[in-house]
């Protein structure tokens, strides 16, 4: 894809420049990335970018047309948080880079979420790629850094004092995405706070800063709510399901509403056919499908080769989907003449008074393994891990 830029990048690449890339990211954030950084960006054509955007716009329109009661069915009863909103503040959508039956490179929907991804990190990552390889600046994302920052600040901080806005996570220092938390703090002037440190008085929430209790008015939520049940002996003063005087960015219910739950409801040439497990037609061949739990994160629980014995043993079949397999195409050539596969995540924000979300940035993931997830990569390969996509004319 885009041979001109791939050739130039591979010619300029060196292990020294790769180390420089990682060093700059660590210097800018003060944190070492907790996940593997790919040596290479992903180069794709403007034609492919157009396909991505058109598919996303169709999916957004289909979601907007769904009755709210359909979306509400996705929220488990024990996970419902009060004061839901009409739409999410974030919308992210993942596409595999695949090959069609007629040989064209095309996107295929993998999953979608109304949950914030690595917005601050990805913009910094893109900027850093351009610093180490200046020729990339001619095909970079046209959105200036200041515009990007203003969009995020308006969305997350709003009219509040940044002191009263927090990024909420559980044990943030242990999270692989801690580098994004640090960069978000720099970008917006807010603090990252662990859920266990949040104080509650009546309906108000507080955190401690320099031995002072600071009221929390807005929460940039980075906690996967249903993951909390998996943490033994977790002690907190605040339960998500309680009514409190805060504004959620984004409201936790949307994590469930825009999720794999929607995949069986969507139609498009770039959307693989999906079924809820309890509605899987007898005439379909199980070998052609991937089994996914509805609310897993980072690829956990996905079965690439489900059998009837496995599906029959699942009791809560309504909480699983079967998604038609897609074939990721290895087209990203490394310096050894080997090829990686990739996935692109589009990172949107959705302002409260806007009819449609705004695309801010993208996130790329490269692999040579069966699953496109940074946790499933071979340890000794190159051109794998977290990346960023650049689009250009052929």
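Has the range 35-52 got any residue that is closer than 20 Å to residue 250 by Cβ, within 21 Å of the chain's Cα centre (by Cα) and crowded, with 22+ Cβ neighbours inside 10 Å?
no
Looking at the range 290-332, which of its residues are surrounded by 19 or more Cβ atoms within 10 Å (Cβ to Cβ) and either outside any loop (DSSP other than H, G, I, E, B) or over 24 Å from the mean Cα position of the chain (by Cα) (or both)?
Matches in the range 290-332: 290, 291, 292, 306, 320, 321, 322, 323, 328, 332.
Can you find, within the range 259-268, the residue that is farthest from residue 77 (Cα to Cα) among those that are at pLDDT 95 or above and in a loop (DSSP other than H, G, I, E, B)?
Top of the filtered list is 268.
Take residue 205 and tell me if it is touching a helix residue (DSSP H, G or I) at 6+ places or on another chain (Cβ under 7 Å) and either over 18 Å from residue 94 (Cα atoms) or crowded, with 20+ Cβ neighbours inside 10 Å (or both).
no
Taking the range 140-151 on its own, how many of its residues are closer than 21 Å to residue 167 by Cβ and touching a helix residue (DSSP H, G or I) at 6+ places or on another chain (Cβ under 6 Å)?
Selection size over the range 140-151: 2.
Of the numbered conditions (1) in a loop (DSSP other than H, G, I, E, B); (2) closer than 30 Å to residue 383 by Cα, residue 283 satisfies every one except a single condition; which is it?
In the conditions (1) in a loop (DSSP other than H, G, I, E, B); (2) closer than 30 Å to residue 383 by Cα, residue 283 misses (2) alone.
Does residue 251 satisfy being within 17 Å of residue 66 (Cα to Cα) and assigned to a loop (DSSP other than H, G, I, E, B)?
Considered against the rule, which asks whether it is within 17 Å of residue 66 (Cα to Cα) and assigned to a loop (DSSP other than H, G, I, E, B), residue 251 comes out as no.
Would you please name the residue that is nearest to residue 216 (Cα to Cα), looking only at residues in the range 243-254 that are surrounded by 12 or more Cβ atoms within 10 Å (Cβ to Cβ) and out of contact with any strand residue (DSSP E or B) (no Cβ under 7 Å at 6 or more places or on another chain)?
Result: 251.
Go through (1) under 19 Å from the mean Cα position of the chain (by Cα); (2) at pLDDT 95 or above and name the single condition residue 174 misses.
With (1) under 19 Å from the mean Cα position of the chain (by Cα); (2) at pLDDT 95 or above applied to residue 174, the lone miss is (2).
What pairs come out if I take residues in the range 205-217 that are touching a residue at least 24 places away in the same chain (Cβ under 8 Å) and on the phi < 0 side of the Ramachandran plot and pair them with residues that are part of a loop (DSSP other than H, G, I, E, B) and surrounded by 19 or more Cβ atoms within 10 Å (Cβ to Cβ) whose C-beta lies under 8 Å away, six or more apart or interchain?
205/198; 205/244; 205/246; 207/198; 216/198; 216/246; 217/246
For the range 208-229, which positions are more than 21 Å from residue 116 (Cα to Cα) and either modelled with pLDDT under 95 or exposed (fewer than 15 other Cβ atoms within 10 Å of the Cβ) (or both)?
208, 209, 210, 211, 212, 213
Kindly list the number of the only condition in (1) over 17 Å from residue 363 (Cβ atoms); (2) in contact (Cβ under 8 Å) with a residue 60 or more places away in the chain that fails for residue 168.
Among (1) over 17 Å from residue 363 (Cβ atoms); (2) in contact (Cβ under 8 Å) with a residue 60 or more places away in the chain, the lone unmet condition for residue 168 is (2).
For the range 259-290, which residues satisfy the criterion of being within 20 Å of residue 316 (Cα to Cα) and in contact with a helix residue (DSSP H, G or I) (Cβ under 7 Å, 6 or more places away or on another chain)? Let's see the steps before the verdict.
Here is the first cut: in the range 259-290, the ones within 20 Å of residue 316 (Cα to Cα) are 259-265, 274-282, 286, 289-290.
Across the range 259-290, the qualifying residues are 262, 274, 275, 276, 277, 278, 286.
Search the range 1-27 for residues being within 17 Å of residue 338 (Cβ to Cβ) and modelled with pLDDT under 95, and hand back the single one that is surrounded by the fewest Cβ atoms within 10 Å (Cβ to Cβ).
Applying the filter and picking the extreme gives 3.
In the set 62, 72, which member is in contact with a helix residue (DSSP H, G or I) (Cβ under 8 Å, 6 or more places away or on another chain), at pLDDT below 95 and surrounded by fewer than 16 Cβ atoms within 10 Å (Cβ to Cβ)?
Working: 62 fails: at pLDDT below 95.
Residue meeting the stated conditions: 72.
The values are calculated or read from the model by the stated rules, or taken from the named source; none is laboratory data. Note that the structure is a prediction, hence the values are computed from the model and not measured. In this analysis, Cβ positions are derived from the backbone assuming ideal geometry, glycine residues included, and neighbour counts consider all displayed protein chains.
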